[in-house]
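Since every read-out is calculated from the coordinates, none of them should be taken as a lab result. Just so it is clear, the structure is predicted and the values come from calculations on it, not from any experiment. Positions of Cβ are backbone-derived with ideal geometry, glycine not excepted, and every protein chain shown enters the neighbour counts.
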Amino acid sequence: MTVRTRALLLVLALFLTAAGCGLSAPGGSDEEPKVTILGPWTDAQERQFKEVLDGFGIPYTYQGTAATREVLLAEVQAGNPPDVAILPGIGELVEYAHEGRLHSLNDLYEPEEYGKPWQPQADGIPDGLWVPLKADLKSIVWYRKGAAPSRRPALLHSWCIGMGDDGSSGWPGSDWIEDLILQSQGPSYYGDWATGRTEWTDEGVVEAWTAWAGLLAQDPKAARKGLMADHRGGKNGLLFDDGCKLEHQGSFARSFYGGRRGQAAFTDSAPLLPGGYTVKAYEVSADFAALFGESGRARDLVRRLASREAQEDWGRKAGVFSANSAVPARKSAVEKAVSSRFTDRKVPLCLDASDVMPASVRDAFYEAVLLTMAHPDRPVKGLLEGIQSVQAAQPEDASRKLPRLTGVCSEPP
């Protein structure tokens with residue numbers, strides 16, 4: 001994403017915020033202060049989330065947008081942040097915590113019900129400033145039931161690929177590269193790279209990115225088609241509407257498959273990636289809630305959202321997964337399979353790398369992904385040098401330097 005594009009999105013976000021776009025306010029009166037919530041869910045996912053919120057009896061307004069970063073930044077700069085912000089990017093929350101904008105969630109959830117990687121820490125940042133409300137499993141590949149893939153790397157023509165997104169095009173490609181680094185180099189290396197301790201030009205990163213570019217170079221025309229395609233596909237998602245056989249996508253992909261979701265199954269991605277691997281770890285992601293407001297109602301709402309009861313209710317309504325170890329697995333085969341990978345302590349879990357990176361580095365990552373899609377035959381070293389230069393551009397003032405996260409991967413057995 002270019003600087004010009006980010007500026008345009010920021011202006012749009014300011015307009016939407018001023019216009020009150022996407023708000024719903026059940027319950028309460030004009031005199032009652034409503035808890036304001038900003039989150040990433042829209043359409044069907046928004047409706048399902050609101051069903052959970054409606055059960056609390058707490059007056060609220062919810063703003064759902066794919067551009068959570070831009071909208072939140074606009075609201076913070078306007079001096080009117082939401083009481084509760086729910087973001088997939090823990091790296092952004094570190095920035096707000098570093099600025100002293102977040103309030104403690106202590107006593108609002110049970111920390112012992114979460115472990116690594118669901119509670120990453122940062123030097124100089126107090127614990128308990130964010131809690132994961134919804135979790136997803138990555139490092140998996142979806143396929144149609146009855147058409148299980150062979151246990152060997154798949155060629156490009158088999159893959160469903162779409163880079164388009166309303167808020168941050170390119171992230172599906174970052175998932176590919178992250179998974180390749182995780183499976184080829186292991187969780188320790190992955191964690192150091194994700195948190196800026198290993199440079200982008202290191203051999204392991206170059207090898208993984210080059211392998212992905214090599215996959216795309218099998219058919220540059222198809223790669224360019226994927227560059228323009230929306231990652232959600234059409235009515236029944238890319239997997240069922242696009243003529244492809246395999247989709248490298250997280251557990252949330254079921255929400256894209258519409259009436260065909262019951263016909264989708266998944267397997268581990270490692271053997272199917274370029275090069276072919278055994279599973280070294282699973283990449284996971286989460287949507288984290290943080291408090292920008294101090295009202296008792298806002299704190300109570302977060303407490304309710306993080307509770308076992310609400311997490312179970314949300315799972316029944318929407319089929320979503322929880323990072324809370326106290327929430328039991330549900331009964332369907334797919335849901336049991338996802339939950340078993342969350343709870344298998346023999347295989348480490350690692351948070352999505354781009355989600356833990358500072359926003360500027362993440363944007364550079366996505367932009368380089370799109371450039372590789374457009375020109376897969378070009379050497380990747382120059383792109384990686386560009387991302388590294390963004391990562392190295394830290395303020396000279398030590399007090400303004402962002403602290404690095406730790407604990408983004410769970411410990412191996």
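Just a few scattered comments:
- At R0 = 25 Å, FRET efficiency that the Cβ-Cβ distance of LYS145 and ASP219 yields, to 0.05: 0.40
- Here the dipole of the chain is about 1520 debye; that uses its Cα centre as origin and unit charges on the Cβ of Lys and Arg (positive) and Asp and Glu (negative).
- Within the listed set GLY296, GLY173, GLY226, the Gaussian network model of the chain (springs between alpha-carbon atoms below 10 Å) gives the highest mean-square fluctuation for GLY296.
- Selected from SER158, GLY204, PHE321, residue furthest toward positive end of dipole (the chain; charges at beta carbon): SER158
- Contact order, relative form, for the stretch 306-367: 19 percent (alpha carbon pairs under 8 Å, 6 or more residues apart, mean separation divided by residue count).
- For the chain, a Gaussian network of Cα nodes joined below 10 Å ranks LEU182, LEU53, LEU349 by mean-square fluctuation, and the top entry is LEU53.
- Length-normalised contact order of the chain in % [C-alpha pairs under 8 Å, at least 6 apart]: 27 percent
- Ellipticity estimate at 222 nm from DSSP helix runs (n ≥ 4, -39,500 (n - 2.57)) divided over the chain, nearest 500: -12000 deg cm²/dmol
- Shape category assigned to the stretch 258-368 from the gyration tensor of Cα positions, a/c cut at 1.5: oblate
- Approximate shape of the chain as ellipsoid semi-axes (Cα gyration tensor, √5λ), whole Å, largest first: 32, 25, 21
- Residues considered: ALA74, ALA398, ALA310. Largest GNM mean-square fluctuation over the chain, using C-alpha springs under 10 Å, is found at ALA398.
- Euclidean distance between Cα centres, the stretch 343-406 to the stretch 173-194, Å: 11 Å
- Residues whose amide H lies under 5 Å from that of CYS160, counting only those 5 or more places away or on a different chain, are LYS245, LEU246, GLU247, HIS248; hydrogens are built 1.01 Å from N in the peptide plane.
- Exposed loop sites, defined as trypsin sites (Lys or Arg not before Pro) outside DSSP H, G, I, E and B with at most 12 other Cβ atoms within 10 Å, are absent from the longest region of the chain, namely 1-144.
- For the stretch 79-149, GluC sites (Glu not before Pro) meeting the loop criterion (DSSP other than H, G, I, E, B) and having at most 12 other Cβ atoms within 10 Å: GLU99.
- Shape of the stretch 55-144, Cα gyration tensor, a/c cut at 1.5: rounded
- Prolate/oblate/rounded label for the stretch 74-115 (Cα gyration tensor, a/c 1.5): prolate
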